[in-house]
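One structure below.
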There are 2 protein chains.
Amino acid sequence: MKKHFLLSFLLLGFVGVGLQAQEALFRAQQIISPEVHQDNSVTFRLLAPNAQSIQITDDFLPTVKIESPMGQMDGPGRADLVKGENGIWEFKSQILGPELYNYSFIIDGFTTTDPNNPFLIRDVASVTNIFIIGGGHAELYKTNDIPHGSVTRRWYDSPGLGMDRRITIYTPPGYENSTEKYPVLYLLHGAGGDEEAWISLGRTAQIMDNLIAQGKANPMIVVMPNGNVIQDAAPGEGSMGYYKPQFMVPKTMDGTYEANFMDIVKFVESNYRVKADKANRAIAGLSMGGFHTMHISRYYPNTFDYVGLFSAAIMPREDATAKVYSDIEGTLKNQMNNGFKLYWIAIGKTDFLFDANTAYRKMLDNMGMKYEYVESEGGHTWRNWRVYLTEFAPRLF
Amino acid sequence: MKKHFLLSFLLLGFVGVGLQAQEALFRAQQIISPEVHQDNSVTFRLLAPNAQSIQITDDFLPTVKIESPMGQMDGPGRADLVKGENGIWEFKSQILGPELYNYSFIIDGFTTTDPNNPFLIRDVASVTNIFIIGGGHAELYKTNDIPHGSVTRRWYDSPGLGMDRRITIYTPPGYENSTEKYPVLYLLHGAGGDEEAWISLGRTAQIMDNLIAQGKANPMIVVMPNGNVIQDAAPGEGSMGYYKPQFMVPKTMDGTYEANFMDIVKFVESNYRVKADKANRAIAGLSMGGFHTMHISRYYPNTFDYVGLFSAAIMPREDATAKVYSDIEGTLKNQMNNGFKLYWIAIGKTDFLFDANTAYRKMLDNMGMKYEYVESEGGHTWRNWRVYLTEFAPRLF
């Protein structure tokens with residue numbers, strides 16, 4: 001028996017072990033892609049003997065001008081892979097700077113993923129491959145050999161929304177084995193996102209672990225809720241099952257989320273060892289999450305000492321009638337008079353929301369409401385939002 | 001400003017908002033695939049005007065015979081998609097039974113994922129799309145509107161392996177808000193797997209939530225460790241960064257994992273409210289994890305009252321010299337004499353490990369060691385391992 005088993009098991013690696021595992025092994029191409037070289041150039045490879053043309057695209061290539069209904073705008077560049085005699089296509093990039101990059105292949109006009117790279121990120125309904133070039137700020141995106149916090153997907157009861165809802169919670173290293181109380185950052189996603197967005201696309205756990213290990217941020221709990229009130233959870237994780245995610249979800253930005261946000265704060269403060277006061281609460285969000293942050297923080301004007309607007313979608317639609325959107329200036333004045341420690345606004349120079357943020361800052365200036373302002377390169381991208389988190393978190397508590 | 005913002009934001013859904021989000025929206029094809037019809041047939045669609053041929057493959061199609069180095073064996077079937085005038089290719093399946101299915105497209109010979117379905121599962125180095133046909137046992141794989149447990153990715157210190165290691169832990173609904181102590185199931189993955197395998201491919205959280213809600217399983221903690229001792233975490237989640245996962249990892253099945261398994265038990269029992277006795281400990285695993293289960297449970301012969309071997313790789317290599325693999329019969333006799341409540345062996349009729357399991361059962365018979373035996377259809381597949389979990393968990397505690 002031993003011999004028989006030995007033979008079978010050693011063959012595993014070559015011929016597979018059954019329908020699915022076997023398929024998993026057969027399907028894998030025996031090549032490495034991407035290969036990051038010592039000088040931080042990267043070679044991408046693909047075995048596709050029958051293809052006529054293969055290109056690679058995304059944010060590690062210089063941008064190009066593309067036409068859109070809003071006029072000419074920046075789009076992701078493309079580069080050609082070259083076919084070798086063995087049917088393996090290759091492209092070697094220029095030397096790349098530190099960053100977490102996305103890419104896709106375009107095979108005879110068909111955009112798809114790299115079958116040799118199982119590391120993927122979903123953004124709304126699209127999935128792309130990722131890779132990291134280390135160094136600089138990108139070191140914060142890596143899982144380094146340091147103490148790690150825990151990441152929990154948990155469900156909380158929202159009486160206001162009438163459902164149990166999924167929420168992602170980062171607790172810092174040591175949380176479980178102490179009696180200490182911690183401050184809390186509420187971190188909100190943008191349109192098309194959900195409770196998975198910050199933890200996957202935003203690298204929140206890696207960023208917080210690294211900042212805390214380096215002594216640059218105080219240990220804190222980071223709460224990442226789902227801002228789409230009709231969902232109990234991210235697409236594929238909730239009772240709606242599998243369906244194609246959409247960018248704009250019904251009842252988005254109609255005031256319901258903001259009006260029920262205290263369900264989340266109450267859940268956190270009655271389930272975690274937290275310092276439950278204004279001085280130890282921060283709220284920040286990107287795009288739609290910046291919109292939520294701005295409205296939540298002034299609607300509950302004595303709740304958060306730290307507010308972060310990352311590429312924020314500032315103002316509601318003119319037809320938005322929810323109470324939370326009324327008397328914006330008056331409630332901002334309340335917030336200002338109640339006092340806060342940091343009101344932080346960041347946006348990229350080419351962000352389509354740049355003008356809206358400039359106008360909002362002018363309004364704050366006129367009111368005499370103090371804020372800090374960071375103007376970065378680039379636009380409305382996760383690349384910027386990750387950096388904003390690395391800059392905002394060290395300012396807290 | 002409001003008007004400007006309104007315009008910009010409403011356009012978001014149509015033209016994208018920047019390099020990455022824009023790309024995420026542009027890339028998405030505006031079609032639905034897969035579409036599960038009322039009668040549980042499924043239509044798959046793909047927009048690929050330039051393709052010459054498109055096939056679909058995987059485990060929802062009847063198997064076909066394929067040649068392999070081990071001789072003829074079952075392989076996944078294939079079916080042709082048909083091109084419509086609009087460049088959209090389609091295939092409609094027969095009526096499918098309840099199951100979680102995998103599939104891939106083959107475009108002009110190139111195997112890839114469905115760009116209209118962002119729900120993917122990684123198995124070793126390969127990524128495939130998934131969909132669920134409900135009903136029967138597949139209802140247990142869905143996220144239903146019932147109380148949900150929490151799933152935590154956490155790091156534990158393994159003094160024996162000299163590193164912090166990532167571990168996935170399911171705590172049942174209500175765990176956080178009670179003072180009750182819970183029993184623990186240690187659930188081990190197979191070769192090529194890691195601490196993500198059971199929670200993603202195995203649907204452990206959904207299965208346990210559903211079994212507990214139906215009163216079919218007792219509330220329990222499920223601990224899913226990483227059985228590859230050279231890894232601190234799953235590929236892409238640890239300090240080794242992104243690399244192409246392999247089926248057989250160095251130092252696999254050399255005794256190191258088994259000899260250090262108590263690091264995990266100690267961590268769990270000192271960090272969770274558990275009933276820390278034999279009557280409240282279960283261990284089970286699939287394939288290599290069945291091998292680990294068999295050896296761990298007899299090496300620590302008075303530790304587990306419940307043992308589950310799912311398609312187990314039974315015996316060590318003949319050259320395996322680790323102490324844990326010595327005196328197998330003697331330690332099994334110890335385990336038998338110490339007593340246990342359930343020794344559960346399950347395997348599929350076409351599993352390549354079928355004969356090895358038959359021989360092992362003969363050895364147990366000769367020793368007079370009692371076990372329960374389940375012989376299922378099919379082979380060495382996650383489809384079977386999910387079902388085994390739904391059958392084993394209700395038998396515990």
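The values are calculated or read from the model by the stated rules, or taken from the named source; none is laboratory data. None of these values were measured; they are calculated from a predicted model. Every residue, glycine as well, gets a Cβ built from its backbone with ideal geometry; the counts of neighbours run over all protein chains shown. What goes into the accessible areas is simple: the full protein's heavy atoms, side chains included, and nothing from ligands, DNA or RNA. Shrake-Rupley method; radii C 1.70, N 1.55, O 1.52, S 1.80 Å.
Here is how the numbers come out for the structure above:
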| quantity | calculated |
| --- | --- |
| Partner chain coverage, peptide A:355-362 - average Cβ within 10 angstrom | 3 |
| Charge dipole (debye, nearest 20) of the protein assembly as shown; +1 at Cβ of Lys and Arg, -1 at Cβ of Asp and Glu | 1360 |
| Fluctuation leader among A:326, A:311, A:287 - chain A, Gaussian network, Cα springs under 10 angstrom | A:326 |
| Furthest towards positive pole of dipole, A:340, A:325, A:373, structure part the range A:325-375, Cβ charges | A:340 |
| Cβ-Cβ FRET estimate between residue A:362 and residue A:139, R0 fixed at 41 Å, reported to 0.05 | 0.65 |
| Given charges at Cβ of Lys, Arg, Asp, Glu: chain B dipole, positive-most of B:274, B:262, B:313 | B:274 |
| Cα gyration tensor shape for the range A:109-154, rounded if a/c is under 1.5, else prolate or oblate | oblate |
| Shape of the range B:146-395, Cα gyration tensor, a/c cut at 1.5 | rounded |
| Karplus 3J(HN,Hα) series, Hz, for the range B:241-250 with 6.51 cos²θ - 1.76 cosθ + 1.60 (x for Gly, Pro) | x, 8, 7, 7, x, 10, 5, 9, 9, x |
| Inter-part distance where the range B:352-387 and the range A:202-239 are each reduced to a Cα centre, Å | 42 |
| Per-selection Kirkwood Rh - the protein assembly as shown (Cα, Å, 1 d.p.) | 27.7 |
| Under-5 Å amide H pairs with residue B:203, H placed in peptide plane, nonlocal only | none |
| Whichever lysines have a C-alpha closer than 20 Å to that of residue B:349, once near sequence neighbours (fewer than 8 apart) are set aside | A:2, B:65, B:362 |
| Hydrodynamic radius by Kirkwood, which averages 1/r over all alpha carbon pairs of the range B:16-134, in angstrom | 15.6 |
| Using θ = phi - 60° and Karplus 6.51 cos²θ - 1.76 cosθ + 1.60, couplings along the range B:357-362 (whole Hz; Gly, Pro as x) | 5, 4, 5, 5, 5, 4 |
| Average partner coverage of B:114-123, which counts Cβ from other chains inside 10 Å | 6 |
| Sum of -39500 (n - 2.57) over DSSP H runs of 4+, divided by residues of the protein assembly as shown (222 nm, nearest 500) | -7500 deg cm²/dmol |
| Local electrostatic count, residue B:324, Cβ distance below 11 Å [Lys/Arg +1, Asp/Glu -1] | -1 |
| Chain B, relative contact order in percent, only Cα pairs under 8 angstrom and at least six apart counted | 11 |
| Scattering curve values for the range B:206-355, log₁₀ I(q)/I(0), Debye with Cα scatterers, q = 0.16, 0.18, 0.21 Å⁻¹ | -1.04, -1.28, -1.52 |
| Percent of beta bridges antiparallel (DSSP, the protein assembly as shown, rounded to nearest 5) | 65 |
| Over the range B:16-134, relative contact order from alpha-carbon pairs under 8 Å, at least 6 apart, % | 26 |
| Packing rank of A:168-174, B:202-208, where each peptide gets the mean count of other beta carbons within 10 Å, highest leading | B:202-208, A:168-174 |
| Environment charge at residue A:253 (Cβ cut-off 13 Å; Lys +1, Arg +1, Asp -1, Glu -1) | -2 |
| Highest-fluctuation residue, A:365, A:263, A:254 considered, GNM on chain A with Cα pairs under 10 Å | A:365 |
| Shielding score for A:282-288, defined as the mean number of other chain Cβ atoms within 10 Å | 1 |
| Distance from the range B:138-155 to the range A:106-172 (C-alpha centre basis), Å | 18 |
| Surface accessible to a 1.4 Å probe, residue A:237 within the full protein complex, Å² | 60 |
| Spin-label model distance (nm) - residue A:65 vs residue A:342, 7 Å beyond Cα toward Cβ | 4.0 |
| Cβ-placed point charges (K, R +1; D, E -1), dipole of chain B about Cα centre in debye, nearest 20 | 760 |
| Contour minus Cα-Cα distance for residue B:321 and residue B:230 (0.36 nm per residue) | 30.9 nm |
| Cβ-derived FRET efficiency at R0 30 Å, residue B:72 paired with residue B:35, nearest 0.05 | 0.30 |
| At 7 Å out from Cα toward Cβ: residue B:341 inter-copy label distances (nm, ascending) | 5.0 |
| Exposure ranking of B:264, B:146 by accessible area [1.4 Å probe, largest first] | B:146, B:264 |
| Among B:121, B:87, B:171 - extreme Cα towards positive end, dipole of the range B:61-213, charges at beta-carbon | B:171 |
| R0 of 56 Å, Cβ-Cβ distance residue B:85-residue A:273: FRET efficiency to nearest 0.05 | 0.35 |
| Residue-count net charge about residue B:271 - beta-carbon cut-off 11 Å; Lys, Arg +1, Asp, Glu -1 | 0 |
| In Å², nearest 10: area of residue B:362 left accessible to a 1.4 Å probe | 120 |
| Cα centre as origin, Lys/Arg/Asp/Glu Cβ charges: the range A:31-134 dipole, Debye | 100 |
| Candidate lysines for bridging to residue B:83, where Cα separation is under 18 Å - those fewer than 8 sequence places away on the same chain excluded | B:92 |
| Nonlocal amide H pairs with residue B:374, under 5 Å, H built at 1.01 Å | B:345, B:346, B:347 |
